[in-house]
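Shown next, in structure tokens, is the structure this report addresses.
The values are calculated or read from the model by the stated rules, or taken from the named source; none is laboratory data. What you see is a predicted model; the values in this text were computed from it and never measured. In this analysis, Cβ positions are derived from the backbone assuming ideal geometry, glycine residues included, and neighbour counts consider all displayed protein chains.
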Amino acid sequence: MREFYEFDEQQYQGKGRIWKYIAVAVVFALLGAIGMYYMLPYISDDYSENAVVTPNDQEKKAAENDQANQEKDKAKLPELGYKGDLFITSDNPVVEIAEKVGPAVVGITNKSIITYRDWFFGDVYMQEQEGYGSGIILSDEGYIVTNAHVVEGAKELYVVFQGEKQVPAQLVGMDATSDVAVVKVDPQDLKEVKYAVAKLGDSDKVRPGELAVAIGNPLGHDLAGTITVGVISAVNRTLVVDQRPMKLIQTDAAINRGNSGGALVNAKGEVIGMNTLKGSGAEGLGFAIPTNEFLPIVQELIKKGVVVREDDKPGIGILGREITEAEVRQLNYPRGILVRAVVQNGAAAKAGIQPGDVIIGFNDKEIRTFQELKDAINQHKVGDTVRIKIWRDGKEFTLPVTLEPLREE
């Protein structure tokens with residue numbers, strides 16, 4: 001009975017204070033209504049159109065305009081990299097990576113022409129050769145990133161997809177300094193093949209010990225889509241390659257000739273690097289260009305076709321030597337620079353300069369020595385268009401040449 005009595009006593013006492021509770025509730029209700037009356041304009045969606053502009057509003061609108069301008073600039077570039085989730089969830093992610101990321105890695109065939117001259121008879125000979133590498137599909141528009149050394153010197157380029165479907169490709173641009181190049185296939189060709197767009201990861205977040213999966217075509221297209229597995233051995237490795245320092249990711253996943261341009265993938269299925277080097281003299285030494293390093297280069301190549309740096313020296317893209325006195329006397333050559341070879345897709349090649357030509361003038365200035373040619377070029381900058389006078393088979397003519405960053409000439 002005690003429990004019931006105490007409960008009934010509380011109920012009785014509560015009746016004595018009920019009017020106090022009601023009065024307090026009414027007061028709070030009135031205060032709430034007044035507060036809502038004054039706050040309503042600030043929380044209403046309709047208020048924004050008729051609101052009085054305050055300094056904070058002006059700052060906010062300025063920020064929104066800046067953001068709109070940035071979005072407009074971004075719209076000029078194609079969207080690179082798959083933006084959805086790959087959902088790599090299994091206990092063995094390598095299987096899903098092979099299935100979902102594998103179609104984003106393609107083979108690249110480089111058909112080039114080697115030109116050489118019979119100096120005794122004066123005949124010029126050409127021989128075709130093929131090189132192989134890999135690439136990573138970055139967009140449905142057909143943009144593919146690979147290494148510059150994979151496409152260098154290409155007369156023709158082809159991309160080989162899963163299922164061995166081969167389609168022609170065009171070189172968008174290449175940057176020998178970073179060893180990055182972009183090629184493009186016709187988007188219509190993509191409709192006839194199985195492919196995927198690679199999802200790009202943040203390579204700055206990569207840590208040693210993480211899973212690393214390398215995908216590529218070692219030793220050519222016969223071994224296309226080869227998957228090798230290892231770990232991230234180190235990050236931020238700086239190696240000097242062809243007298244150029246390169247920031248690289250190190251992995252022990254097997255990377256062999258033909259893997260260049262292929263993908264280095266993390267456990268989430270994100271591309272964190274582009275395979276580019278294999279250490280010689282030891283096993284388990286593979287290196288990849290981090291995604292955050294090659295992506296800005298890719299964007300600039302798509303926009304401009306070339307990467308221009310402040311310290312870049314201009315060049316025309318030839319291999320040559322000075323005409324000798326004996327050649328002047330015996331072969332009736334003019335004094336100047338004999339073009340022995342041109343860099344494929346370089347400035348001279350684009351202008352129409354050919355092996356066997358003799359450069360005899362530069363912007364109306366007579367050229368007789370290689371030093372004179374270099375001095376004349378160095379008076380200009382990358383992007384300038386100059387006039388180069390050529391002697392070919394007894395005829396003289398002038399070609400416009402747009403200077404490009406100096407390569408191995």
Selection from region 256-279 of residues in a loop (DSSP other than H, G, I, E, B) and either of a type in the set (D, E, K, R) or touching a residue at least 24 places away in the same chain (Cβ under 8 Å) (or both) yields Asn256, Arg257, Gly258, Asn259, Ser260, Gly261, Gly262, Asn266, Ala267, Lys268, Gly269, Glu270
Log entry, pairs with first residue in region 199-221 being without any contact (Cβ under 8 Å) to a residue 60 or more places away in the chain and not assigned by TED's automatic domain parsing to the domain that holds Lys278, second being part of a strand (DSSP E or B) and surrounded by fewer than 20 Cβ atoms within 10 Å (Cβ to Cβ), beta carbons closer than 6 Å, six or more apart or on different chains, reads none
Yes or no: Ile323 surrounded by fewer than 22 Cβ atoms within 10 Å (Cβ to Cβ), among the hydrophobic types (A, V, I, L, M, F, W, C) and within 19 Å of Ile108 (Cα to Cα)?
no
Considering only region 280-337, state which residues are modelled with pLDDT of 90 or more, part of a loop (DSSP other than H, G, I, E, B) and of a type in the set (D, E, K, R).
Arg335
So Glu396 clears everything in (1) farther than 17 Å from Arg335 by Cβ; (2) not in a loop (DSSP other than H, G, I, E, B) except one condition, right? Which one?
(1)
Limited to region 240-267, what total is found for residues that are farther than 14 Å from Asp204 by Cα and touching an Asp or Glu at 6+ places or on another chain (Cβ under 9 Å)?
8
Given the criteria buried (at least 22 other Cβ atoms within 10 Å of the Cβ) and more than 20 Å from the chain's Cα centre (by Cα), does Ile272 qualify?
no
Residues in region 350-359: is at least one of a type in the set (A, V, I, L, M), within 25 Å of Leu301 (Cα to Cα) and either in contact (Cβ under 8 Å) with a residue 40 or more places away in the chain or touching a strand residue (DSSP E or B) at 6+ places or on another chain (Cβ under 8 Å) (or both)?
yes
Among the residues of region 338-375, what is the count of those that are in a loop (DSSP other than H, G, I, E, B) and not acidic (Asp, Glu)?
13
Complete set of residues in region 354-383 that are within 23 Å of Lys304 (Cα to Cα) and either modelled with pLDDT of 95 or more or surrounded by 14 or more Cβ atoms within 10 Å (Cβ to Cβ) (or both)
Ile377, His380, Val382, Gly383
Let me spell it out: the conditions are (1) more than 18 Å from Val101 (Cα to Cα); (2) assigned by TED's automatic domain parsing to the domain that holds Gly286; (3) crowded, with 19+ Cβ neighbours inside 10 Å; (4) not hydrophobic (A, V, I, L, M, F, W, C), and Asp175 meets all of them except one. Which number is the exception?
(2)
Confirm whether Thr238 is assigned by TED's automatic domain parsing to the domain that holds Pro208 and either more than 30 Å from Thr402 (Cβ to Cβ) or part of a loop (DSSP other than H, G, I, E, B) (or both).
yes
Enumerated strands (runs of 3 or more DSSP E) restricted to region 142-210, each holding at least 2 residues that are over 12 Å from the mean Cα position of the chain (by Cα) and farther than 29 Å from Lys268 by Cβ
154-160, 166-175
Lone qualifier among Glu322, Glu293 - being acidic (Asp, Glu), touching a residue at least 24 places away in the same chain (Cβ under 8 Å) and closer than 19 Å to Ile390 by Cα:
Glu322
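Is there a residue in region 211-223 that is under 12 Å from Ile289 (Cα atoms) and either modelled with pLDDT under 95 or not acidic (Asp, Glu) (or both)?
Looking for residues that are under 12 Å from Ile289 (Cα atoms) and either modelled with pLDDT under 95 or not acidic (Asp, Glu) (or both), one finds none in region 211-223, hence no.
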Boolean, Gly220 is touching a Gly at 6+ places or on another chain (Cβ under 8 Å) and of a type in the set (Gly, Ala, Ser)
yes
